[in-house]
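K.L.:
Following this message is one structure expressed as structure tokens.
The values are calculated or read from the model by the stated rules, or taken from the named source; none is laboratory data. In this text the structure is predicted, and so the values were computed from the model without any measurement. Heads up, the Cβs are rebuilt from the backbone with ideal geometry, glycines too, and the neighbour counts pull from every protein chain shown. Please note that ligands, DNA and RNA were not included when accessible areas were found on the heavy atoms of the full protein model with its side chains. Shrake-Rupley method; radii C 1.70, N 1.55, O 1.52, S 1.80 Å.
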Amino acid sequence: MPDNAPILAVRGFSVAFGANRAVNDVSFDINPGEIVGLTGDSGSGKSTLGLGLLGLVRAPGRILGGSIAIEGTDLLRLPEAERRARRGRQIGLIVQNPRGSLSPLHTVGQQIRSVLRAHLTITRPQAKLRSVDLLRQLGLNDPERRAQAYPHEISGGMAQRVLIAMAMGAGPRVLIADEPTSGLDVTIQAQFLDELSKVSRQAGSAVLLLTQDLGIIANYCDRVLVMEDGRLVAEDRTAHFFAAPQDRYSRRLLSLAQLSPPPPPKTAETLLAVHGLSKAFLLRGSGKRLQAVDRVDLAIGRGETLGLVGESGSGKTTVGRCLLRLIEPDSGKVMFEGRDLARTPLATLRQLRRRLQIVFQDPLDALDPRWTVGRIVSEALERPSVGRIAELLQLVGLDPSTASLRARGLSAGAQQRVSIARAIAADPALIVLDEPTSALTPLARVGIVTLLRSLQREFGMSYLFISHDLNTVEQLSHRVAVMYLGQVVEVGTREQVFNAPLHPYSRALLAAHLAPDTTDRRIDRAPGAALAGEIPSPVDLPVGCYLASRCPNVQEPCRTTPQDLQYLPDGRAVRCAPAAAL
Amino acid sequence: MSESAEIDTALLQADFDAQLARPVSNTLFHVGAAIVALSLLLMVIGPWLTPYDIGRPSDEIMQPPPSLSQVPGLVRQMLAGAPHPAIHWLGTDSAGLDVFSRVLAAPRADVSIAVGANLFSLLVGSLLGLFAGTARPWVGGLTMRISDLVQAFPVFITGMILVTLAGRSNGTIVVTLALLYTPIYIRLTRSEVLTQRHRGFVDAARVLGKSEGWIALHHVLPNALAPAMIQASVTIGFAILMTAGLSFVGAGVRPPTPEWGLMIAAGADGIVQGEWWPSVFPGIAISITVFGYAAFGNGLERRHAR
């Protein structure tokens, strides 16, 4: 076979569920060493295609026809036994939910070894050496010990690397990765993708990366395939795709990336000021304290959006809930419209609360399944009327006839719109948006971001926008606060934080951020400002700066002196003495 | 063979099995629903459908049911309207009472006691469960310990004590069974309340300034009731069995009321002499009914989970 021939050649591939063609006449090639991104909205058929490339289909679907040639051999024409032998050896799969894909009864080393022994003729000791070697290549420190760990003993990021080791172990020529980083934090996501691209380039294998995240595509993929309703609607080189998308779906998605920054608020008046907010949870059994929120200071102006970012477990959600007293803070002040909400008796608070509303992450969970949409929205109205409900539904872009439906019958995006309608029905001055777009498809996310911006323009309310998705934060926020282990480590305007972060943690977070922009691709540059090691346990926090054990510019005093938020002349604040001194 | 591929095919197989299993469970659900409907119907009109007087003894003592080979001939005679000797389809008992008539009339006692006891327990249990789930932790804990205590008491002993104290009546059995089942509903409702109180729509209502009591009644309780309602269907079936059991040991329905447990007890002595029919047919009736309620409850649960 000539060297320049594609490793994977798919022709006319179709999968049907009854009369519905989930994958419809799909054809494409992947060349050696190439990473191809496959994107499309939820339900477009990406995952069915990914699984189908291994000759697998979920019941009651079936493969209608076509060919899947790996290095010239059509997988679909082989007998089942032969096809099974080639799965894993020639074509590997990495799925979502790494921990769920590992057996809880076996150590990760055993699981990697069983793959190696199934496909390669090697002895037990060789397999053992090889599996440890694979883990070392994937950047796990102390791989001998890690190989003896059970899946529940390792972090999600490590579990994902074990899955790569299993998928890559037998050296397959084609690797299919289906949303391999969904649910991972940005820093771990970047690490994982760095390793995946490095490993595949070294081996010269072909990678098909299924993802809804355009940032991943822009930063790692050579080419892009776009799926819509089971068909491939676009195929393009990555740079050209982002410069001039050819199809309707991609144009709508990319339109969000080109949104201008939100217009600045009309006044400089402060609406909400938080001082020294702290909250610790007592852990059951051990009697240990988990410091979820640690002396947090925040201020939000009238009509302003403050983006609150940080990785999972950084305490962002707890901050939002403490403001609304859905969680009782241990100490600190929450000044809102001239009152300290943290000290207001609950009876008085009930009246005040309407001025502060919240939209939750899980759109279905936020709506009573037994109630109609109309009743849900009217719950927030003091004098409910059919006309007002219709007006509110129209305001959030829903048809007034939606009022008679129940939440279960709506799409996730529409459910989130109902939550927003309920929140604005109470006429709030501030809405806490707790990851409102995380559970949505990319298109629905575009819709919600656009809606939130237009509602703010119209009614001038403030938002506290809590999210781990830096792209969305950039499109909504006037100012941004970064949290790490319960503390705010940096606050500044969007431009300050995104363009020139000061705190070493913000720098690492933003370095791992994958923007949907092909000008400075991560795959082409040396990864910088990465943090070493693992996040300390919030149960057992260090004495000095919480980042000291991982910080690239750590100085001796950092390890012993707790850091305070220092306010700088340019309006920003940073919890790092060396960075503030610069 | 790749392990990951192997796991995947296993998953696919499980998926496939689920698809296959669905029609079977649907059939069971419909059979169960039919049995439940029939038992409720017989509870209301059963005593009026009986071909013979259920209370008046006759001379035809211990007549066996017709053998299977005789049945077609008897049916033809009946359909032709020709004069025929009195047929006891399921035989007669030692007092000369028609077993078939009494089996038909028994749901009036058995089903109404079981349904009544469960409606009572469901009402009291779900309200107490709501209380235990929303009150301060120690109050909730105390409620649960008391309900444990009630549940730990052997039901037959409770039944006999109550019969001694209050006499043998249908009301006594309803109270006995209600005491037995209320803790089940308390526990189910409480655990569901504990989950529901932290749902997003509950927090949203708090933020809208609604009081905790209003939220408990409008959001938490209605959403917490489903498991208890599903449980009720299964429990009613077992309550029928328990009613028959209590009657069997003499702590239940007063004879000569037609009741399955009493019929089994009355016919039990004859079984050793080969006179099986006065006991076996009511036994079969109990089995079918309990199975029907269980299948119906099981189907409801599957539908709810989907």
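K.L.:
Kindly sort B:M160, A:M483 by accessible area of their heavy atoms, largest first, with the probe set to 1.4 Å.
P.N.:
Correct descending sequence by accessible area is B:M160, A:M483.
K.L.:
How do the peptides A:145-153, B:282-290 rank, highest first, by the average count of neighbouring beta carbon atoms within 10 Å per residue?
P.N.:
Order by mean packing, descending: B:282-290, A:145-153.
K.L.:
Can you pull the accessible area of A:D540 for me, 1.4 Å probe, Å² to the nearest 10?
P.N.:
The accessible area of A:D540 comes to roughly 120 Å².
K.L.:
Over chain B, with a Gaussian network built from C-alpha contacts below 10 Å, which listed residue (B:F153, B:F131, B:F238) shows the highest mean-square fluctuation?
P.N.:
B:F153
K.L.:
So how far apart, in nm, are the two label points at A:N20 and A:A347 if each is 7 Å from Cα heading toward Cβ?
P.N.:
About 5.5 nm separates the two model spin labels.
K.L.:
For A:L64, what residues show an amide H to amide H distance below 5 Å, using hydrogens built from the backbone and excluding near sequence neighbours?
P.N.:
For A:L64, the qualifying residues are A:S14, A:V15, A:A16.
K.L.:
List the lysines whose alpha-carbon lies under 25 Å from that of A:K128, not counting same-chain residues fewer than 8 positions away?
P.N.:
Within reach: A:K198.
K.L.:
Once both labels are modelled 7 Å past Cα along the beta-carbon direction, what's the A:N97-B:L68 spacing in nm?
P.N.:
5.0 nm
K.L.:
If you don't mind, there's one more thing I want to ask. If the only charges are +1 at each Lys and Arg Cβ and -1 at each Asp and Glu Cβ, what is the size of the charge dipole of chain B around the Cα centre, to the nearest 20 debye?
P.N.:
1080 debye
K.L.:
To continue, here is another question. Efficiency by 1/(1 + (r/R0)^6): what FRET value for A:V543 and A:S182, r their Cβ-Cβ distance, R0 = 35 Å, to the nearest 0.05?
P.N.:
Result of the calculation: an efficiency of 0.45.
K.L.:
From a point 7 Å beyond the Cα of B:S94 in the direction of its Cβ, which residues of segment B:35-65 have a backbone N at a distance under 17 Å?
P.N.:
Zone members listed by number: B:57-64.
K.L.:
Let me ask something else. Within 10 Å of each Cβ in peptide A:358-370, how many partner chain Cβ atoms are there on average? Round it to a whole number, please.
P.N.:
Whole-number average of other-chain Cβ neighbours for A:358-370 is 5.
K.L.:
Using amide H atoms built in the peptide plane, which far-off residues or other-chain residues are under 5 Å from A:K288 H to H?
P.N.:
Excluding prolines and chain starts, which carry no amide H, the hits are A:L283.
K.L.:
May I pose another question? Under a point-charge model restricted to the Cβ atoms of Lys and Arg (+1) and Asp and Glu (-1), what is the dipole moment magnitude of the protein assembly as shown relative to its Cα centre, in debye to the nearest 20?
P.N.:
Around 940 debye, computed over the protein assembly as shown.
K.L.:
Can I ask one more? Using a 10 Å cut-off around each Cβ of peptide A:347-357, what is the average number of partner chain Cβ atoms that fall inside?
P.N.:
What the average comes to for A:347-357 is 2.
K.L.:
Cβ neighbours within 10 Å, averaged per peptide: list B:197-204, A:517-524 in order, most packed at the top.
P.N.:
B:197-204, A:517-524
K.L.:
Using every Cα-Cα pair within segment B:170-264, state what percent have a distance larger than 24 Å.
P.N.:
Cα-Cα pairs of segment B:170-264 separated by over 24 Å account for 43 percent.
K.L.:
Please give the length that would be gained between A:A59 and A:D399 if that part of the chain were fully extended, namely 0.36 nm times their separation in residues minus their C-alpha to C-alpha distance (nm, one decimal).
P.N.:
Working it through step by step, the gained length comes to 118.8 nm.
K.L.:
Within 10 Å of each Cβ in peptide A:51-57, how many partner chain Cβ atoms are there on average? Round it to a whole number, please.
P.N.:
2
K.L.:
Just the Kirkwood number for segment A:231-343, please: inverse of mean 1/r across all distinct Cα pairs, in Å, one decimal.
P.N.:
17.8 Å
K.L.:
Roughly speaking, what is the centre-to-centre gap between segment A:466-499 and segment B:159-209 when only Cα atoms are used, to the nearest Å?
P.N.:
Cα centres, segment A:466-499 to segment B:159-209: 49 Å.
K.L.:
Looking at B:G32, B:S191, A:L138, which one has the Cα that reaches farthest to the positive end of the dipole of the protein assembly as shown (charges on Cβ: Lys, Arg +1; Asp, Glu -1)?
P.N.:
Toward the positive end, the furthest listed residue is B:S191.
K.L.:
Based on the Cβ-Cβ distance from B:S112 to B:W138, what FRET efficiency comes out when R0 is 41 Å, to the nearest 0.05?
P.N.:
In this case the efficiency is close to 0.55.
K.L.:
Hey, can you grab everything whose amide H is under 5 Å from the amide H of A:G40? Only 5+ residues off in sequence or another chain; H modelled, so Pro and N-termini drop out.
P.N.:
A:M227
K.L.:
Can I ask one more? For labels at A:S454 and A:K288 in the simple 7 Å Cα→Cβ model, what's the distance in nm?
P.N.:
My value for the distance between the label points is 4.9 nm.
K.L.:
Answer with one residue from B:Q231, B:G73, B:I215: the one whose Cα lies farthest towards the positive end of the charge dipole of chain B, charges on Cβ with Lys, Arg +1 and Asp, Glu -1.
P.N.:
Result: B:I215.
K.L.:
To continue, here is another question. Taking a probe of 1.4 angstrom, what is the accessible area of B:M242 in Å², to the nearest 10?
P.N.:
50 Å²
K.L.:
Order these peptides, A:553-566, A:432-445, by their mean beta-carbon neighbour count within 10 angstrom, highest first.
P.N.:
A:432-445, A:553-566
K.L.:
Could you tell me which of rounded, prolate or oblate describes segment A:175-270, using a ≥ b ≥ c as the square roots of the eigenvalues of the alpha-carbon gyration tensor, with rounded for a/c under 1.5 and, failing that, prolate when a/b is larger than b/c and oblate otherwise?
P.N.:
Taking the square roots of the gyration eigenvalues as a ≥ b ≥ c, segment A:175-270 is oblate.
K.L.:
Going from most exposed to least, what order do A:Y484, A:Y567 have by accessible area with a 1.4 Å probe?
P.N.:
Per-residue accessible area, sorted high to low, gives A:Y567, A:Y484.
K.L.:
222 nm [θ] for chain B, helices only, -39500 (n - 2.57) per DSSP H run of 4+, per residue, to 500?
P.N.:
Computed mean residue ellipticity for chain B: -25000 deg cm²/dmol.
K.L.:
Check cross-link reach from A:K279 to the lysines: straight Cα distance under 29 Å, and skip same-chain residues fewer than eight apart.
P.N.:
In chain and number order, the partners are A:K288, A:K316, A:K333, B:K210.
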